[in-house]
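Trainee: Once you've had a glance at the structure underneath, I'll fire off some questions.
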Amino acid sequence: MERAMKRPESAERLKRRLALVATVALPALLAGCFGKTSAETLTCPSTATTPGLDVAPLFSGPGRTRNDVITAARILAVKDTCSEEKGGIRAYATVTFTIVRASPKVQNPQFTYFVAVVDSTSNILNEQRFGVVAHFAGAESVITTTENITVHLPVKRVGAGADYGIVAGFQLTSDQIQFNNAQQQPSTQ
């Protein structure tokens with residue numbers, strides 16, 4: 001009779017051991033089925049346009065008023081997705097532009113823009129420059145286009161992506177910056 005009493009106890013102990021083995025082994029088995037698991041969640045960097053550098057006017061002649069602008073581009077949005085890669089995070093940034101022209105004579109204006117990686121205190125860690133060309137057809141005066149940029153973040157932890165940002169803006173001359181700043185001023189009329 002004592003053995004009969006121990007059997008349920010042994011069966012219960014066996015059940016607990018199997019539950020423990022299943023708890024420990026299940027994540028390893030699932031990792032083999034579904035790929036690598038990480039104890040840390042992947043975070044992507046934030047994205048933004050650079051205030052004051054998000055519009056690029058092109059002028060005709062020496063004037064720098066609104067009447068002298070023949071075409072202009074604006075960065076509408078910067079968005080990203082990211083994935084884990086060996087040695088860090090790969091961010092896929094999409095920069096969306098809208099470009100307007102004042103006259104059909106303006107055919108293929110080109111603008112230079114930059115995409116930079118910044119840290120949490122806005123220090124520029126990496127910057128690349130690119131060109132975007134607007135190809136107007138017919139009488140259209142506004143087009144929207146996107147550019148796709150890939151950026152590598154050499155971070156040790158995939159959760160550190162949120163400590164960085166991807167910013168975009170136009171490479172502007174001092175005349176273009178002054179024009180943009182003047183457009184931000186309240187009108188005195």
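Residues are listed down the side, and each one gets a yes or a no for (1) surrounded by 15 or more Cβ atoms within 10 Å (Cβ to Cβ); (2) assigned by TED's automatic domain parsing to the domain that holds Arg157; (3) at pLDDT 95 or above; (4) more than 30 Å from Pro154 (Cα to Cα):
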| position | (1), (2), (3), (4) |
| --- | --- |
| Ala72 | yes, yes, yes, yes |
| Val78 | yes, yes, yes, no |
| Lys105 | no, yes, no, yes |
| Tyr113 | yes, yes, yes, no |
| Ser122 | no, yes, no, no |
| Leu125 | no, yes, no, no |
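Trainee: Restrict the check to the stretch 80-94 and report whether at least one residue is modelled with pLDDT of 90 or more and under 23 Å from Gln184 (Cα atoms).
Mentor: Within the stretch 80-94, none of the residues are modelled with pLDDT of 90 or more and under 23 Å from Gln184 (Cα atoms).
Trainee: Another question about this same structure. Could you tell me whether any residue of the stretch 44-61 is at pLDDT 90 or above, part of a loop (DSSP other than H, G, I, E, B), among the polar types (S, T, N, Q) and surrounded by 16 or more Cβ atoms within 10 Å (Cβ to Cβ)?
Mentor: Yes; the residues of the stretch 44-61 include at least one that is at pLDDT 90 or above, part of a loop (DSSP other than H, G, I, E, B), among the polar types (S, T, N, Q) and surrounded by 16 or more Cβ atoms within 10 Å (Cβ to Cβ).
Trainee: Would you please list the contacts, defined by Cβ atoms under 8 Å and residues six or more apart or on different chains, that run from a residue in the stretch 85-98 that is on the phi > 0 side of the Ramachandran plot to a residue that is part of a strand (DSSP E or B)?
Mentor: Hits for this filter: Gly87/His152; Gly88/His152; Gly88/Leu153.
Trainee: With the checklist (1) closer than 23 Å to Ala72 by Cβ; (2) not in a helix (DSSP H, G or I) in hand, flag the one item His152 doesn't pass.
Mentor: (1)
Trainee: For the stretch 155-173, name all the residues that are assigned to a helix (DSSP H, G or I) and either crowded, with 19+ Cβ neighbours inside 10 Å or aromatic (Phe, Trp, Tyr) (or both).
Mentor: Answer for the stretch 155-173, where residues must be assigned to a helix (DSSP H, G or I) and either crowded, with 19+ Cβ neighbours inside 10 Å or aromatic (Phe, Trp, Tyr) (or both): Val158, Gly161.
Trainee: Pick out the one residue from Thr71, Thr81, Thr121 that is under 18 Å from the mean Cα position of the chain (by Cα) and part of a strand (DSSP E or B).
Mentor: Thr81
The values are calculated or read from the model by the stated rules, or taken from the named source; none is laboratory data. None of these values were measured; they are calculated from a predicted model. FYI the Cβ positions are ideal-geometry reconstructions off the backbone, even for glycines, and counts take in every protein chain you see.
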